[in-house]
Amino acid sequence: MLEKVLFLLCLSSSVLAQQFCTPGASEGYKVRLSIKSALGDEAYAWNENEMFLFRATLAFAMRSQYNGKEFQVSDIIVCDETPRVSFWFVVKSPTSSQLVDKEDVERAVRQYRNRINGAFLLTDTYLEFIGIPPTLAAPVNPGTPPWLIVFGVVMGAVVAGIIVLAVSTVVQKKRKKNQEAEDEENEEETRVKTVENVTYENTCGVYNKSFSDDERLTRM
Amino acid sequence: MEKGARPNWDNPMQFLLACVSYAVGLGNVWRFPYLCQMHGGGGFLIPYLLMLVLEGVPLFYMELAIGQKMRLGSIGAWTAISPYLGGVGLASVVTSLYLCLYYNIINAWSFWYLFNSFQSVLPWAECPVNSNRTGFIEECEKATPTQYFFYRETLDISPSIEENGGIQTNQALCLVLAWVMSYLFVVRGVKSTGKVVYFTATFPYVVLFIYLIRGVTLHGAVNGIKYMFTPKMEELAKPTTWINAATQIFFSLGLGFGSLIAFASYNQYNNNFEHQAIIVSLINSGTSIFASIVTFAIYGFKATFNYEGCLERTRLLLLNTFSLAEDSVTMANVFEWIEKLNTTYPQQFAELADKLETCDLEVELDTAVEGTGLAFIVYSEAIKNMPLSQLWSVLYFFMLLLLGMGSMLGNITAIITPLQDFKMFSRMSTELFNGIVCLFCLLFALAFTTKAGNYWFTIFNDYGATFSLLFIALIEVISVSYIYGIKRFEKDIEDMLGHRPHWYWKIMWAVVSPLLIIAIFIFYIVNYIMGGTPTYQAWNKELGKTVVTEYPIFGQVFIGLLMVSSISCVPLTALYVYCRKRKHGHQRRQRTVSTVSAQ
């Protein structure tokens, strides 16, 4: 007698529970898996065992999030499975036959999203919980923006080039000035020498340097 | 080195490469493919090549001849032709100044994109995450990541030209680098420029060739190339096609800026510029065609990528709405499924109607873009989808940089050479003078790095040079043919080259080119008047796209000033010279009178 009553109770509670799960349920979420798009040739077929894994993973997420509440696989109720591989689920509290609030479910799912994804070898794009936005990776903020580093290198090279050119111009100018000063001295000497040569020696066959140097000194 | 001797190119090859480097610029990459696409693909080559022969090469030849003969910059050369025409040279200098001011901003952007390519993920490949990490930034979602990167992270553009905002440090830094590098290239005048052009003229071809190979092997490139080469002959009947071909040849060769005169003035007297003129013009046009093959291959890839993305999104939409098994709808049978579902579930399908996009490859290929939009948005979008995108990005922006820098060399030389002909500036050392010019341009160009800077850039780009160049070129060809005289010009050329120019050239100079330029000129004026208030594309943050906005009053006044300021140099200088001659004439007459009376 007792067994019959218990059996009836169980049946009715599961039926009751099943009633809670409807597409568009207020406390439920729709899940969509795109296994073939994600894994291509290595896609596995969706079957009862995979569904069991899903329910178990979700129960794990709910347990870990709400320490103390011992969620069972049977507390995750699934309905409206489609060939797309999408379905609705609701979570029933382990202690009462009340459904767990939508926000609590969402919090648990967001916290353990990567564990759930990992169980199915999928990512946020391929295992979608419609209505729960994925938490995107935080942007990487390096200390110095990378473009500044390359900029510094190029700018340094160009400025170095300009300085080298400027210095070489100045050095060339100094060298020319020294060269000119020397030439002037040489010219004076040769002029004196040639004059001397003319007065003291024969006047023909003297190589007069002053004329050959003329061109360098002529200003235009 | 004597102070008075004019510096020379080390060899004729340097001069040739300098002309190639100057003429082959960004316009070959981003304007010609656009025109090709707008005017019926392969068919556009007919008016283009015709205009090259009728207008491009003769004017190019003429400018080189003037420069090599007079051995002075544009102001001095035109004053030598006729004292009243010095204003033409001055107008060239003013136009080149405007060009220098805004052109280096493009090089600054090329630097910015180049430096940003050295990252593991290209910053324009994905949208940045928003503050609470639930999704992407809204502006980026509405537009595309490449557009967001250009308008927001590069320019930080304001919604209209009236809102000015401050100077953007990242752009300002890149602009300073661009100017410092330009100074490094021109610091010693032709001695330094001559060495740089070996690289800036040849390396872009290496990159273009690499890109050609990469481009044609991309998935879907064939679609683009097929699209380009299917000529639409009916476009040839439209006059705008011919006008655009003429204008493109004109601006692509860089006529009227005075750069060619400046470059040629450093030549040896007997340099064979006739061959060089033909070679450079052919290389320039050849590069345009080559670049457009590459561009169309990239277009084809991008269009196919977008088309297949559209198909994929449609497929997912169908799968999710009708909960069909994943492998039932593939990209190949999307359209069949749409038909099937439309008939079996008409009501549900109707609800989908606004989310369903129409995927059409032709439409994707038809989106023609030109200018900075093509170079920085469309190309970077295509690059981010290529495997090893960082490498391709670096190569591409480096090529853009070289093309831009090569043209800048010509622009800066066009300002420096005529000014150095004046005694007042020739006493300064070349390095100091070039430095002052570069610094001056840099300080002014900082205005383009403000938040509204891009809008001012567009004003300069659209109105700064186009109108004045046509005017200058018209005056040039008429004065050489009729004021200086074709006979005198012939003799000068015979003096330099050793033979008279062929009668073909003489007919072009005297008759055909002036008529062509007058036709383009009239067309421009008519277009400007009939176009109503000039408008620009302002970036709208909320919509995530550009909207057509009218220029405010001060903008229109500024446009008018820009156009008038360079053109007015011609009559004003003529007037000034006339007044001075009258005054001198008076003084001389007075003196002769007094000496006569003294006798």
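What to note about this one:
Residues are listed down the side, and each one gets a yes or a no for (1) at pLDDT below 85; (2) open to solvent by less than 80 Å² (accessible area, probe 1.4 Å); (3) under 32 Å from the mean Cα position of the chain (by Cα):
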{"site": "A:L2", "(1), (2), (3)": "yes, no, no"}
{"site": "A:Q19", "(1), (2), (3)": "yes, no, no"}
{"site": "A:A25", "(1), (2), (3)": "yes, yes, no"}
{"site": "A:F52", "(1), (2), (3)": "no, no, no"}
{"site": "A:L58", "(1), (2), (3)": "no, yes, yes"}
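- Per the conditions (1) open to solvent by 10 Å² or more (accessible area, probe 1.4 Å); (2) under 18 Å from B:S513 (Cβ atoms), the sole criterion not satisfied by B:G76 is (2).
- Filter result (more than 22 Å from B:H275 (Cβ to Cβ), buried (at least 19 other Cβ atoms within 10 Å of the Cβ) and aliphatic (A, V, I, L, M)) within segment B:475-499: B:I475
- Some residue of segment A:125-146 being modelled with pLDDT of 85 or more and part of a helix (DSSP H, G or I): yes
- Of all the criteria given as (1) crowded, with 17+ Cβ neighbours inside 10 Å; (2) farther than 30 Å from B:Y578 by Cα; (3) of a type in the set (S, T, Y), the one not satisfied by B:S120 is (1).
- Residue count for segment A:132-147, restricted to those that are out of contact with any strand residue (DSSP E or B) (no Cβ under 6 Å at 6 or more places or on another chain) and either surrounded by 13 or more Cβ atoms within 10 Å (Cβ to Cβ) or over 30 Å from B:A178 (Cα atoms) (or both): 9
- Residue-level check: of (1) among the hydrophobic types (A, V, I, L, M, F, W, C); (2) touching a strand residue (DSSP E or B) at 6+ places or on another chain (Cβ under 9 Å); (3) not in a loop (DSSP other than H, G, I, E, B), B:I210 misses just (2).
- Selection within segment B:123-141 - open to solvent by less than 80 Å² (accessible area, probe 1.4 Å), more than 8 Å from every other protein chain (Cβ to nearest Cβ) and not aromatic (F, W, Y): B:P123, B:A125, B:C127, B:N130, B:I137, B:E139, B:C140
- Matching option when the condition is open to solvent by 70 Å² or more (accessible area, probe 1.4 Å), farther than 19 Å from B:K69 by Cα and under 22 Å from the mean Cα position of the chain (by Cα), among B:Y524, B:Y528: B:Y528
- Helices (runs of 4 or more DSSP H) lying entirely in segment B:339-387 (those with 2 or more residues that are among the polar types (S, T, N, Q) and open to solvent by 30 Å² or more (accessible area, probe 1.4 Å)): B:346-352
- Filter pass, B:Y198 being of a type outside the set (A, V, I, L, M), within 22 Å of the chain's Cα centre (by Cα) and open to solvent by 50 Å² or more (accessible area, probe 1.4 Å): yes
- Of all the criteria given as (1) surrounded by 13 or more Cβ atoms within 10 Å (Cβ to Cβ); (2) in contact with a strand residue (DSSP E or B) (Cβ under 7 Å, 6 or more places away or on another chain); (3) not basic (K, R), the one not satisfied by B:S565 is (2).
- For segment B:150-161, the condition of being touching a residue at least 40 places away in the same chain (Cβ under 8 Å) and open to solvent by 70 Å² or more (accessible area, probe 1.4 Å) holds for at least one residue.
- Top-ranked residue of segment A:148-184 - restricted to ones that are more than 11 Å from every other protein chain (Cβ to nearest Cβ) and of a type in the set (A, V, I, L, M, F, W, C), ranked as most open to solvent (accessible area, probe 1.4 Å): A:V167
- Test: B:T169 is within 14 Å of chain A (Cβ to nearest Cβ), open to solvent by 10 Å² or more (accessible area, probe 1.4 Å) and either farther than 30 Å from B:L432 by Cβ or of a type in the set (S, T, Y) (or both): yes
- The set of residues in segment B:327-338 being within 14 Å of another protein chain (Cβ to nearest Cβ), open to solvent by less than 50 Å² (accessible area, probe 1.4 Å) and either in a helix (DSSP H, G or I) or in contact with a strand residue (DSSP E or B) (Cβ under 9 Å, 6 or more places away or on another chain) (or both) consists of B:W337 alone.
For (1) in a helix (DSSP H, G or I); (2) free of Cβ contacts under 8 Å to residues at least 60 places away in the same chain; (3) buried (at least 18 other Cβ atoms within 10 Å of the Cβ), each residue gets a yes or a no:
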{"position": "B:N270", "(1), (2), (3)": "no, no, no"}
{"position": "B:Q276", "(1), (2), (3)": "yes, no, yes"}
{"position": "B:S288", "(1), (2), (3)": "yes, no, yes"}
{"position": "B:F301", "(1), (2), (3)": "yes, no, yes"}
{"position": "B:L319", "(1), (2), (3)": "yes, yes, yes"}
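- Pick from segment B:35-56, criterion modelled with pLDDT of 90 or more, aliphatic (A, V, I, L, M) and open to solvent by less than 20 Å² (accessible area, probe 1.4 Å), ranking: farthest from B:V190 (Cα to Cα): B:M51
- Looking across segment B:100-116, the residues that are open to solvent by 10 Å² or more (accessible area, probe 1.4 Å) and more than 14 Å from chain A (Cβ to nearest Cβ) come down to B:L101, B:Y102, B:Y103.
- Test: residue in segment B:84-99 that is at pLDDT 90 or above and within 13 Å of chain A (Cβ to nearest Cβ): no
- Yes/no for B:M62 being open to solvent by 20 Å² or more (accessible area, probe 1.4 Å) and farther than 29 Å from B:S393 by Cα: no
- Segment B:410-446: number of residues that are of a type in the set (D, E, K, R) and not in a helix (DSSP H, G or I): 2
- Residues in segment A:52-96 that are within 14 Å of chain B (Cβ to nearest Cβ) and not in a strand (DSSP E or B): A:D80, A:E81, A:T82, A:P83, A:R84, A:V85.
- Residue in segment B:98-117 that is of a type outside the set (F, W, Y) and not in a helix (DSSP H, G or I) present: yes
- Boolean, B:V547 is part of a strand (DSSP E or B) and modelled with pLDDT under 90: yes
- Subset of segment A:110-121 (residues that are in contact with a helix residue (DSSP H, G or I) (Cβ under 9 Å, 6 or more places away or on another chain), away from every other protein chain (no Cβ under 14 Å) and open to solvent by less than 40 Å² (accessible area, probe 1.4 Å)): A:I116, A:F120
- Residues of segment B:388-409 that turn out to be closer than 19 Å to B:F305 by Cβ and either assigned to a helix (DSSP H, G or I) or of a type in the set (S, T, Y) (or both), as a count: 6
- Those residues of segment A:60-91 which are open to solvent by 30 Å² or more (accessible area, probe 1.4 Å) and small (G, A, S), in sequence order: A:S64, A:G68, A:S74
The values are calculated or read from the model by the stated rules, or taken from the named source; none is laboratory data. Remember, predicted model here, so these are calculated numbers, not experimental data. Using ideal geometry, Cβ is built from the backbone for each residue, glycine included, and neighbour counts are taken over all protein chains shown. For the accessible areas, the whole protein counts, side chains as well, though only heavy atoms, and no ligand, DNA or RNA atoms are used. Shrake-Rupley method; radii C 1.70, N 1.55, O 1.52, S 1.80 Å.
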